[in-house]
Amino acid sequence: MARKPVTWYIATPADGIIEMSREAGTPVDLAANVGQVVNHPSPCRNKWFDETRFSYFRMVKRVGEALEDTGIWPITWPVRLWSVEPLGETGNWSPRHYPYRLLSHQIRVIEETDAHRALGPSGRDVLTVIQQEIPERALRWAADWDADPEGMRNRRWDWEQRENGRWAESLATAVSRNHRESAAQAWIERLAHNTVDQALAGTDASTMARCYAYGRADGCAVAAQHHNRFEPYVLDALRGISLDSPTLASA
């Protein structure tokens, strides 16, 4: 039986231009070249070294890592995701450490695909949590902290150490890595932080209240990323459900 062809992905900002090519002054617009072969405008001579910021096309075959090393900053949404075909000679920094990556000087742009996949199989659910749920919750989280900083500090410690909060976070990170979704999780957490910043803009929330809200937002968003993989008790630990209850159960 013939092996299924490998699909390779490149992520770009919303305008379809590879961000590193823009920074290099040689913008490559994937949106304008669907179905076309694109040659690198200034390929490196020593393969595959970073002679410049944009020395080759970078692509991945694990879509959950498509948002790694894109040059896109600040992290934002939406982005666009493209399936591409590497042409000619290809390379890799290290097949052992980056087996899902490929480098080339020529690509064919196959098509645009659903960018939510770059956030994992539940990418749409993740964005629903970030865009629709976290804004209101962030205000409550910050208010809870500033109303009783010492009490919330103790409750957070109990959640981290006694209620498997830290363990659930470590598990989520490990599962993201095993599923090749580390870049997805990093992007998800940054988007969650951005939403907290927007929600708390113009408020008098303290720095510690903002940090607490960041952590809670991370947990809720990452729980959405893994909601089809984890048991309910792990998801509840990630979300910090006990931290929202009026009283914390005694150990």
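The values are calculated or read from the model by the stated rules, or taken from the named source; none is laboratory data. None of these values were measured; they are calculated from a predicted model. For neighbour counting, all protein chains shown are included, and Cβ atoms are generated from backbone atoms with ideal geometry for every residue, glycine included. These area figures cover heavy atoms from the full protein model, side chains too; ligands, DNA and RNA do not enter into them. Shrake-Rupley method; radii C 1.70, N 1.55, O 1.52, S 1.80 Å.
Brief remarks follow.
- The relative contact order of region 54-212 comes to 30 percent, based on Cα pairs under 8 Å that sit 6 or more residues apart.
- DSSP beta bridges in the chain [antiparallel fraction, %, rounded to 5]: 95
- Extension gain for Tyr233 to Trp167 (0.36 nm times residue separation, less C-alpha to C-alpha distance): 22.6 nm.
- Contact order relative to length of region 178-251, as percent, for alpha carbon pairs under 8 angstrom and 6 or more apart: 30
- By the Kirkwood approach, averaging reciprocal distances over each pair of separate Cα atoms, region 1-75 gets a hydrodynamic radius of 13.6 Å.
- When the alpha carbon gyration tensor of the chain is reduced to an equivalent ellipsoid, its three semi-axes come out at 40, 19, 15 angstrom, largest first.
- Within region 79-185, the ratio Rg/Rh, alpha carbon atoms throughout and Rh by Kirkwood, equals 1.14.
- Amide H contacts under 5 Å for Val38, placed H, 5+ residues apart: Ile107, Arg108, Val109
- Among the chymotrypsin sites (Phe, Trp or Tyr not before Pro) within region 1-89, those in coil by DSSP and having at most 14 neighbouring Cβ atoms inside 10 Å are Phe49.
- Taking the Cα atoms of region 175-251, the ratio Rg/Rh between the radius of gyration and the Kirkwood radius comes to 1.03.
- Helical contribution to [θ] at 222 nm, DSSP H n ≥ 4, -39,500 (n - 2.57), averaged over the chain, rounded to 500: -12500 deg cm²/dmol
- Glu231 accessible area, assembled protein chains, probe 1.4 Å, Å²: 110
- Projecting the Cα atoms of Gly120, Ile241, Leu87 onto the charge dipole of the chain (Cβ charges, centred on the Cα centre) puts Leu87 farthest toward the positive pole.
- Simple spin-label estimate for Arg96 and Thr128 in nanometres, 7 Å along Cα-Cβ: 4.4
- Estimated dipole of the chain in Debye, rounded to 20 [Cβ of Lys and Arg +1, of Asp and Glu -1, Cα centre]: 960
- Cβ-defined net charge surrounding Glu160, 11 Å radius [Lys, Arg +1; Asp, Glu -1]: +2
- Alpha carbon centroid spacing (whole Å) that separates region 83-98 from region 1-72: 11
- Local electrostatic count, Ser176, Cβ distance below 13 Å [Lys/Arg +1, Asp/Glu -1]: -2
- Eigenvalues of the alpha-carbon gyration tensor of region 103-242, scaled by 5 and square-rooted, set the equivalent ellipsoid semi-axes at 30, 19, 12 angstrom, largest first.
- Over region 30-112, equivalent-ellipsoid semi-axes from the Cα gyration tensor in Å: 19, 17, 13
- Note on region 126-251: with charges restricted to the Cβ of Lys and Arg (+1) and Asp and Glu (-1), its dipole about the Cα centre is near 360 debye.
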